[in-house]
Amino acid sequence: IDGDAVSTMAMTDASGHYDVDLPAGFNYEIEPYYNEDPLNGISTMDLILMSKHILGMELLDSPYKMIAADVNNSGQITGFDLVELRKLILFIDTEFQNNTSWRFNDADFVFPDPGNPFATTFPEMVSINGLSASELANFVGVKTGDVNGSNLMMMGGDTRSANALQLAIMDQKLK
């Protein structure tokens, strides 16, 4: 402290709450980060919704869905995002090449143009100047590629994997 940078990490609990014990009176930046399980919530339905948005047939109705659709983190939604997501679904890639699995936006931020969240830089960290006894920093988590919001962290389901499933059936003639 006193001009020296201090780095502290804390994991959230299952409901997303976290608590960090820091000395009061100093300035801090809180920046969430999570880059695990990139296939969580990803399906072909996400590709369909992204395609409809790109073609102007059915625009995504939330800035958070648009951020999720910007798979390559270019600041726009294009066919390149579809290609990157397909490569992940087909296990050609095992992670996002230019993005993290999750993006976190300051929950208090109001997008000036909700139809284009990339028009301005949205805050992915919160600065606290002169920490008082207790401060709150809330974030909205956006799962990269999960445009329809089906990620399993929210739903408590099983994860998708590249493991082979073996089926055994009796020999039979098919027409």
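The values are calculated or read from the model by the stated rules, or taken from the named source; none is laboratory data. Keep in mind that this is a model prediction, so the values were computed, not measured. Reconstructed Cβ throughout: ideal geometry from the backbone, glycine too, with neighbour counts over all protein chains shown. Surface areas here come from the heavy atoms of the whole protein model, side chains and all, with no ligands, DNA or RNA. Shrake-Rupley method; radii C 1.70, N 1.55, O 1.52, S 1.80 Å.
The single condition among (1) among the polar types (S, T, N, Q); (2) more than 14 Å from residue 145 (Cβ to Cβ); (3) in contact (Cβ under 8 Å) with a residue 40 or more places away in the chain that residue 8 does not satisfy is (3). Exactly one residue among 139, 109, 91, 118 is open to solvent by 40 Å² or more (accessible area, probe 1.4 Å) and without any contact (Cβ under 8 Å) to a residue 24 or more places away in the chain, and that residue is 109. Any residue that is over 19 Å from residue 140 (Cα atoms), in a helix (DSSP H, G or I) and aliphatic (A, V, I, L, M) - is there at least one of those in region 55-62? No, the conditions are met nowhere in region 55-62. Within region 117-148, restricting attention to residues that are over 14 Å from the mean Cα position of the chain (by Cα) and part of a strand (DSSP E or B), the residue that is farthest from residue 83 (Cα to Cα) is 128. Does residue 103 satisfy the criteria of being on the phi < 0 side of the Ramachandran plot, surrounded by fewer than 17 Cβ atoms within 10 Å (Cβ to Cβ) and not in a loop (DSSP other than H, G, I, E, B)? No. Exactly one of these conditions fails for residue 28: (1) open to solvent by 40 Å² or more (accessible area, probe 1.4 Å); (2) over 21 Å from residue 146 (Cβ atoms). Give me its number. The number of the failed condition is (1). Checked against the criteria, residue 38 does not count as touching a residue at least 60 places away in the same chain (Cβ under 8 Å), loosely packed, with under 10 Cβ neighbours inside 10 Å and outside any helix (DSSP H, G or I).
Of all residues in region 69-101, those satisfying the criterion of being touching a helix residue (DSSP H, G or I) at 6+ places or on another chain (Cβ under 9 Å), more than 19 Å from residue 35 (Cβ to Cβ) and of a type outside the set (S, T, N, Q) are 77, 79, 82, 86.
Contact map, region 67-81: residues that are on the phi < 0 side of the Ramachandran plot paired with residues that are basic (Lys, Arg) and surrounded by 14 or more Cβ atoms within 10 Å (Cβ to Cβ), Cβ distance under 9 Å, separation 6+ or inter-chain. Pairs shown: 67/103; 68/103; 68/143; 70/103.
From the list 138, 151, the one residue that fits, being modelled with pLDDT of 75 or more and in contact with a Gly (Cβ under 7 Å, 6 or more places away or on another chain), is 151.
When each of 55, 82 is tested for being of a type in the set (A, V, I, L, M, F, W, C) and open to solvent by 80 Å² or more (accessible area, probe 1.4 Å), the lone residue that passes is 55.
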